[in-house]
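First up is the structure itself, then whatever we jot down about it.
The values are calculated or read from the model by the stated rules, or taken from the named source; none is laboratory data. Model, not experiment: these values are computed from the prediction. Positions of Cβ are backbone-derived with ideal geometry, glycine not excepted, and every protein chain shown enters the neighbour counts. Just the protein is used for accessible areas: all its heavy atoms, side chains included, with ligands, DNA and RNA removed. Shrake-Rupley method; radii C 1.70, N 1.55, O 1.52, S 1.80 Å.
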Amino acid sequence: IKPVASSHFPVTKDTMKLSFLSLLAVVATTSSDAFLTPATPGAFKVSTTTGPVNKRFGTTKLQKARGEGYGELLDDISQTIGNTPVVKINDRLCPEGRTIYAKCEFFNPLASVKDRLALSIIETAEKEGKIKPGDTIIEATSGNTGIALAMMAAQRGYKCVITMAEPFSVERRKLMRMLGAKVIVTPKAGKGTGMVEKAAELAEKHGWFLCHQFETDANWKFHEATTGPEILNDFKDKDLDYWVTGYGTGGTFHGAGKYIKANRPDVKIVLAEPGAADLLASGIPTERNDDGSPKGSHPAFAPHPIQGWTPDFIPLVLEGGQKLNLMDEYVAIPDGAGVETAQALAKTQGILCGISGGATMWAAIETAKKAPEGSVICAMLPDTGERYLSTPLFASIDADMNEEELEIAKSTPNHILLPAEE
């Protein structure tokens, strides 16, 4: 491999124009009020010319030449949130005659869709004068929201306390503590409702700011202003027949779904939930306290393996989306399907997502099987698979070499690490 001479990177009128347009886009999308108004489909979409460096190294998701750089120096980590890529699923997983795309939310800085929620909650509270540096924020979470809030607290100078039910993966606890948060683990018997009640108790006792991720409008409004427009901008002048998502708080479904329906009403919205915890399918509403939080556990809830999805109550944010009649189709995810499909995504696509992403993709594949030929589906992948090392997603993945790997090791004479003899 020979180094590329500087003459291969000429400064032309086209590149100067691109830099200026990129600067305008960054200024527009990183202003403090940018998320309050949904973007217009196609806004800030900058096309580039293919120069020598593109041919040599290929292009990135933004169609920029590899090696060209991000484009601007950023003020803080929160400016990297959003604008996640949409990636095509190949025919080793996608049913014949249909096309499936995945919106990869693990491209956010802390590797989940909840980075959007955390940014919105914190910036909304700051603008409303509810928090100031040095204050403590608290929230109940299965992990991803807590990780994202811990990131924002570290960057903005807040203290962070998280309540999390015992069954959720230990990796999440460690990540939050790495980011400076205090993690209060609640007993398994209390389920999601227990960790929510504990957060409310602690907030009242100590005067901390309770984020209310399951109730706040800041949740779904950010998805209406960012996630939905991103999807339609990427599918501008292209077919899109179905958009598939699950729910944790319901913010993505409510906000992005509202934007998609308002701007492309022909797109069918598919909502999925675990078959073992079919809260929506039951038709039984959640009883609420005055602040919108649940009064108790939902009678249709049962434990399920899809961490981050479907707590033991119907969140107020999700209920608001349901009242808008956004859902066109419903899919119940059978036990094991999320894990199996996430593993298939890794082995056939090189996409490492969590169990919720596998469940969403399973729903997308099932939707594709029943959809008319030529249909195009976009599915949400909420987070990274690295957050699930201690869960059923990796239960079949050994740390030690298996027999096949040992045979490969023994195929040459040196540096063979044999299993320890018992």
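Between ILE77 and GLU128, the FRET efficiency from the beta-carbon distance, with R0 = 25 Å, is close to 0.65. Suppose we look only past 26 Å in the calculated P(r) of segment 272-422. What percent of the Cα-Cα pairs does that tail hold? So the portion of pairs separated by more than 26 Å is 43 percent. Please list the non-local residues whose amide H lies under 5 Å from the amide H of PHE235, H modeled 1.01 Å from N, same-chain partners needing a gap of 5 or more. Here nothing satisfies the definition.
Computed from backbone phi with θ = phi - 60° and the Karplus coefficients 6.51, -1.76 and 1.60, the 3J(HN,Hα) list for segment 331-348 is 10, 8, 8, x, 4, x, 5, x, 5, 4, 6, 4, 5, 5, 4, 5, 7, 10 Hz; x is used for glycine and proline. Near the amide H of GLY296, within less than 5 Å, lie the amide hydrogens of GLU287, all on another chain or at least 5 residues away, with H placed in the peptide plane.
Packing-wise, with mean Cβ within 10 Å as the measure, how do 354-366, 249-261 rank, highest first?
The densest-packed peptide leads the list: 354-366, 249-261.
Residue ranges 403-410, 272-279 sort as 272-279, 403-410 when ordered by packing (mean number of other C-beta atoms within 10 Å per residue, highest first).
Normalising the Debye intensity of segment 134-219 to I(0), with uniform scatterers on Cα atoms only, and taking log10 at q = 0.11, 0.15 Å⁻¹ returns -0.25, -0.46. In sequence order, segment 76-82 has phi-based couplings of 7, 5, 5, 6, 8, 6, x Hz under the Karplus curve 6.51 cos²θ - 1.76 cosθ + 1.60, θ = phi - 60°, and Gly or Pro positions carry x. Max-minus-min Cα coordinates of segment 79-129 on each principal axis give 53, 16, 13 Å, with the largest extent listed first.
Return the carbon/sulfur percentage of the accessible area of segment 234-348, one whole number, probe 1.4 Å, all protein chains in place.
About 48 percent, which is the carbon plus sulfur part of the accessible surface.
The share of accessible area on segment 77-221 that comes from carbon and sulfur is 52 percent, using a 1.4 angstrom probe.
Close amide H partners of ILE269, meaning residues 5 or more places away or on another chain with modelled amide H under 5 Å apart, are TRP243, ASP328, GLU329. In this rough spin-label picture, where each label sits 7 Å from Cα along the Cβ direction, the ALA302-ASN263 distance is 4.0 nm.
Given in Å, the Rg to one decimal and the Dmax to the nearest whole number for the Cα atoms of segment 299-370 are 13.7, 39.
Packing here is the average count of other Cβ atoms within 10 Å per residue, and on that basis the peptides 139-145, 102-108, 70-76, highest first, run 139-145, 102-108, 70-76. The simple spin-label model puts a point 7 Å past each Cα toward its Cβ; for MET327 and LYS182 those points are separated by 3.8 nm.
Calculate how large, on average over all directions, the projected area of the Cα convex hull of segment 361-407 is; give the answer in nm² to one decimal.
Numbers: hull surface 22.6 nm².
Value for segment 361-407: 5.7 nm².
Solvent-accessible area per residue in segment 255-402 equals 41 Å², computed with a 1.4 angstrom probe and all protein chains kept. Along segment 148-156 the Karplus relation, 6.51 cos²θ - 1.76 cosθ + 1.60 evaluated at θ = phi - 60°, assigns HN-Hα couplings of 5, 5, 4, 4, 5, 5, 4, 6, 9 Hz to successive residues, with x for each Gly and Pro.
Each label point was placed 7 Å from the Cα along the Cα-to-Cβ direction; for LYS238 and ALA409 their separation is 4.4 nm.
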